[in-house]
Amino acid sequence: MRFFILFFPLIFLFASNTPFDIYKKETNPQQHTLLIIGGIHGDEPGGYFAPAVLEKYYKIKSGNLWIIPNLNVDSILANTRGIYGDMNRKFNVIEKNDNDLLTINRIKEIILEKRVDLILNLHDGFGFYRDIYEDSVFNPNSWGQATIIDQEKIDEKFGNLGEIANQVNKNVNNEGLYKDFHTFGVKNTQTKEKDEQMQQSLTYFAVTHNKPAFAIETSKNITELTHKVIYQLKAIEEFMKIMNIEFERDFDINNYDEVQKRVNDFGEITINDNISFDLTDIKNNLRFVPLKKENNKFDLTHTLAKVKFDDNKYEIHIGNMKVCDLYPQIFDVVNTQDKIKILVDGKEIETTFGNQIDINNDFKIEKSDFRVNIIGFSKDKIDSEDDILIKKSDIQDNYSIDNNKSKYRAEFYKDGKFYGMIILNFLNN
């Protein structure tokens, strides 16, 4: 389910009438607006993980930023360029029965909105663009490590496309590269005169409607996703500076570990308001998860997170990565705000279902009307595993829900119905 959430001065928006997500970080409608589009090609993760980091970790202080991280949702899930054909070749002509029609029509409307001053389309491209042929990887036909323009300029503000692209590249190249050959160049496709394929593209549609547009292409030959995200973000920041869009971020963009931590932060999933899992270190499959037969509600915090039901299991995806398969065990599910009392390291706390509790040494779930099942713990002749002091060593490691073997499930039932789950997180692992 998509919904609108409004904040001031920033606006965080899920578009209810689009097949993709759009997030708006706005401070003043009279100031410049940059539209960033990621994920037009599903097998180019640098082009959609960068806007995901941008959405979550950047604060806009002046100006406006619109972010579409996942334009081609189905192709991202399939990790393919275009599951219904190349979406970036459908902006001039598209058939009425094309599966991409709704997406194409909606993104055209957004591009043409009066407030949009400049558009960036994010990609990963093959090889390393060079003006002069060096070899099969470094040559004028390569697309990677390039800022792409369709023509030198248009008669609009920010319409000096070639000049802007050269300025952005100069600053990114001077910021420090992980390899000397990662330098960015400007590739002018001269679309109108020389490239019929590019005449079908998103950026050419934009510039022919007097909207300045660029593509940023990091190289598919760079294997480190974090490196590509850093390059994409640095280029985006240069465009924001040109447009007087002021921003803050909570990390050092030149610190690989800090950026990688944010790229790999997959957020959480909440199911039916009574189960919650941290997806960052979750095991690749969890079995016997108590769920309803149908109409399960999934709430995900990551920009690129999606749930897909396939082969009697729920697949959780972050971008093009499947991070976990959930195998359901079907129950009647009851939602309740009942409080559960737990003795944690000798101190009594209260919590509700869907939460995680942190434990240093031991815990004891106090008696209630619920039957308690602590997955991985067993004791003879015990029906309900409450009123028992339990340490981590009492629970079998292979039943953890995370690869670090620190988190375990406590499930609560009554009259054969499932009421909720609490995650037991052992800090001293």
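Every read-out reported here was derived from the displayed coordinates using simple, explicitly stated rules and does not represent laboratory data. The shown structure was predicted, so the numbers you read here are calculated from the model rather than taken from an experiment. No Cβ is skipped: glycine too gets one built from the backbone with ideal geometry, and neighbour counts run over all protein chains shown.
What to note about this one:
- The GluC sites (Glu not before Pro) of segment 56-118 meeting both criteria, a DSSP state outside H, G, I, E and B (loop) and at most 14 other C-beta atoms within 10 angstrom of the site's C-beta, are 95, 113.
- Difference of contour (0.36 nm per residue) and Cα-Cα distance, residue 391 to residue 371: 5.3 nm
- Approximate spin-label separation residue 339-residue 194, in nm, with each point projected 7 Å along Cα-to-Cβ: 7.1
- Computed on the Cα atoms alone, the convex hull of the chain gives a volume of 162 cubic angstrom per residue.
- Net charge dipole size for segment 286-395 [Lys, Arg +1 and Asp, Glu -1 on Cβ; Debye, nearest 20]: 300
- Listed by chain and number, the lysines whose C-alpha is less than 17 Å from the C-alpha of residue 61, apart from same-chain residues fewer than 8 away, are 24, 25, 241.
- Cα centroids of segment 167-233 and segment 128-155: 8 Å apart.
- Per-selection Kirkwood Rh - segment 354-429 (Cα, Å, 1 d.p.): 12.7
- Cα→Cβ-extended label distance, 7 Å offset, between residue 384 and residue 299, nm: 2.8
- Overall, the chain carries a charge dipole of about 500 debye about its Cα centre when +1 sits on the Cβ of Lys and Arg and -1 on the Cβ of Asp and Glu, all other atoms neutral.
- Each residue of segment 391-396 is assigned a 3J(HN,Hα), and the resulting list reads 10, 4, 5, 7, 10, 5 Hz, derived from the Karplus form 6.51 cos²θ - 1.76 cosθ + 1.60 (θ = phi - 60°), x at Gly and Pro.
- Across segment 310-355, the fraction of Cα-Cα pairs farther apart than 16 Å, rounded to a whole number, is 64%.
- Segment 62-216: antiparallel DSSP beta bridges as a percent of all, rounded to 5: 15
- For segment 213-346, the spread of Cα coordinates along the three principal axes comes to 55, 43, 27 Å, biggest extent given first.
- DSSP-defined antiparallel bridges as percent of all bridges, the chain, nearest 5: 60
- Computing FRET efficiency as 1/(1 + (r/R0)^6) for residue 417 and residue 79, where r is the C-beta to C-beta distance and R0 is 30 Å, gives about 0.20.
- Length released on extending from residue 224 to residue 57, taking residue separation times 0.36 nm less the Cα-Cα span: 58.1 nm
- Residue pairs exceeding 27 angstrom between C-alpha atoms, taken from 153/306; 211/234; 192/228; 347/379; 96/220; 308/417: 153/306; 192/228; 96/220.
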